[in-house]
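Below is one structure, written out as structure tokens, with a few remarks after it.
The numbers here are math on the coordinates, done by the rules we state, and not lab data. Given the structure is predicted, the values throughout are model-derived calculations rather than measurements. Cβ placement follows ideal geometry from the backbone for every residue including glycine, while neighbour counts extend to all protein chains displayed.
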2 protein chains.
Amino acid sequence: MQSQSKVRELCRVHGLAATHQRVIIYRAVTARPGHYSPEDVYNLVRRQIPSISLATVYKNLKTFVAHGMLRELHPGAGPLRVDPTLERHHHLVCTRCGAVRDVASSWLVPVRARRPAPRGFRVREFKVDALGLCRKCARKRSPRSRS
Amino acid sequence: MQSQSKVRELCRVHGLAATHQRVIIYRAVTARPGHYSPEDVYNLVRRQIPSISLATVYKNLKTFVAHGMLRELHPGAGPLRVDPTLERHHHLVCTRCGAVRDVASSWLVPVRARRPAPRGFRVREFKVDALGLCRKCARKRSPRSRS
DNA sequence: GTATCTGCAAAAATTTTGCTAGTAT
DNA sequence: ATACTAGCAAAATTTTTGCAGATAC
């Protein structure tokens with residue numbers, strides 16, 4: 001978890017007013033790795049600021065994402081999720097239960113293109129989702145073959 | 001574009017009733033590569049079946065995805081999108097305008113893990129998004145450096 | 001003091017659901 | 001004949017917006 005003053009400084013660096021709500025929201029999201037929906041964040045933050053509104057949470061999450069202070073995720077269906085881990089990393093996405101886990105970038109052989117991208121596209125980074133089954137779902141899948 | 005009879009056969013293979021609506025929807029989505037939202041598909045299909053409902057489009061797109069007849073996409077924010085390209089491929093995602101283009105899997109050096117995935121996760125495939133700027137947005141970005 | 005931000009409430013956008021009549025097998 | 005599906009309308013969910021008052025710089 002980042003200290004209040006660190007968050008305030010981070011806001012300043014990005015030209016954002018360091019409001020109380022903003023500091024609390026950012027600290028809540030970065031308290032530990034995970035993938036939070038706006039609702040999740042709202043519920044976390046309400047413990048400390050019962051009067052906060054969901055709209056404020058949305059606005060600030062979008063602000064943080066726009067300033068690169070958080071990452072945006074769209075792993076499966078459903079609501080927006082936000083990821084506090086800024087270092088390059090990839091995701092393990094269970095196609096059965098939808099769970100998403102981070103995995104260090106070093107897990108993969110470096111991703112490289114063999115040639116420039118088509119149509120003048122300028123690649124900045126590669127984001128990899130490893131689709132498959134988490135242990136729990138892999139177990140459920142036909143304990144012995146079907147029949 | 002797939003012929004009506006091909007689509008009917010495909011439905012049969014997957015144990016789905018080959019209804020008129022289903023055939024029209026599937027043909028519309030697979031008419032050409034692209035990334036369609038349910039609204040898009042609805043508007044395409046309404047030309048041929050003015051009485052069709054958006055709910056029917058949603059139900060059928062989800063059915064197709066569940067049977068592996070389409071792929072589901074969540075490239076950026078916003079609505080569900082669906083991709084008719086079933087062969088392995090990756091995406092170029094413009095982080096400025098949100099445009100998504102397909103790029104052949106062979107564009108990348110093969111993606112491989114250096115070691116088994118953590119926590120018993122079973123990887124089935126890697127999905128790569130190349131994040132960056134499309135030509136149009138790259139041009140807009142500071143034609144000469146700022147100042 | 002001025003620009004930015006919050007909270008509220010309302011609206012917009014997206015997706016799901018239950019049900020009846022209709023259709024495919 | 002039986003099971004599945006379409007259309008409809010309503011609800012649920014997720015996200016955005018406008019604005020008055022409050023706060024940060």
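Note on the protein assembly as shown: helix-only mean residue ellipticity at 222 nm, from DSSP H runs of 4+ residues weighted -39500 (n - 2.57) and normalised by residue number, equals -9500 deg cm²/dmol.
Of the residues B:S37, B:S51, B:S105, the one that moves most in a GNM of chain B with alpha-carbon contacts below 10 Å is B:S51.
If you sort the three axes of the alpha carbon gyration tensor as a ≥ b ≥ c, you get a/c of 1.5 or more for region B:88-137 and a/b above b/c, which makes it prolate. Across the cross-link table entries A:K6/A:K127; A:K62/A:K127; A:K6/A:K59; B:K6/B:K59, which are compared at the Cα atoms, the separations over 23 Å belong to A:K6/A:K127. When a/c is below 1.5 the answer is rounded, else prolate if a/b is larger than b/c, else oblate, so apply that to chain B with a ≥ b ≥ c taken from the square roots of the Cα gyration tensor eigenvalues. Oblate. The other copies place their B:A17 label points at 5.8 nm from this one, listed shortest first, where each point is 7 Å from Cα along Cα→Cβ.
Between helix B:4-13 and chain B there is an angle of about 90 degrees, using the helix long axis and the longest principal axis of the Cα atoms. Label positions at B:S3 and A:R46, each projected 7 Å from the Cα along the C-beta direction, are separated by 5.8 nm.
In chain B, the beta-carbon sitting nearest the axis that superposes B on A belongs to the residue given here with its distance in angstrom, B:H74, 2.
Computed from Cα positions, the angle between helix B:20-30 and the longest principal axis of chain B comes to roughly 20 degrees. B:V109 label points, 7 Å along Cα→Cβ, one per copy: pairwise distances from this copy to the rest in nm, shortest first? Counterpart label points of B:V109 in the remaining copies fall at 0.8 nm.
Magnitude of the charge dipole for region A:1-130, about its Cα centre and with charges confined to Cβ atoms of Lys, Arg (+1) and Asp, Glu (-1), is about 360 debye. With respect to chain B, whose longest principal axis is taken over its alpha-carbon atoms, helix B:54-66 is tilted by about 70°.
In a DSSP loop and with at most 14 other Cβ atoms within 10 Å, the trypsin sites (Lys or Arg not before Pro) in region A:33-113 are A:R47, A:R88, A:R96, A:R112. Here's the picture: charge each Lys and Arg Cβ at +1 and each Asp and Glu Cβ at -1 in chain A, and of A:Y36, A:T19, A:C134 the one pushed furthest to the positive end of that dipole is A:C134. All other residues whose Cβ lies under 15 angstrom from that of A:Q48 are scored, Lys and Arg at +1 and Asp and Glu at -1, for a net of +3. For region A:1-45, backbone nitrogen atoms closer than 18 Å to the point 7 Å from B:R119 Cα along Cα-to-C-beta are found at A:30-37.
Think of each Lys and Arg Cβ as +1 and each Asp and Glu Cβ as -1; about the Cα centre, that makes the dipole of region A:4-75 roughly 220 debye. Remark: the Cα gyration tensor places the protein assembly as shown in the prolate category, a/c being 1.5 or greater and a/b exceeding b/c. Summing charges over neighbours of B:D102, with a neighbour being any other residue whose Cβ is under 10 Å away from its Cβ, gives -1 when K and R count +1 and D and E count -1.
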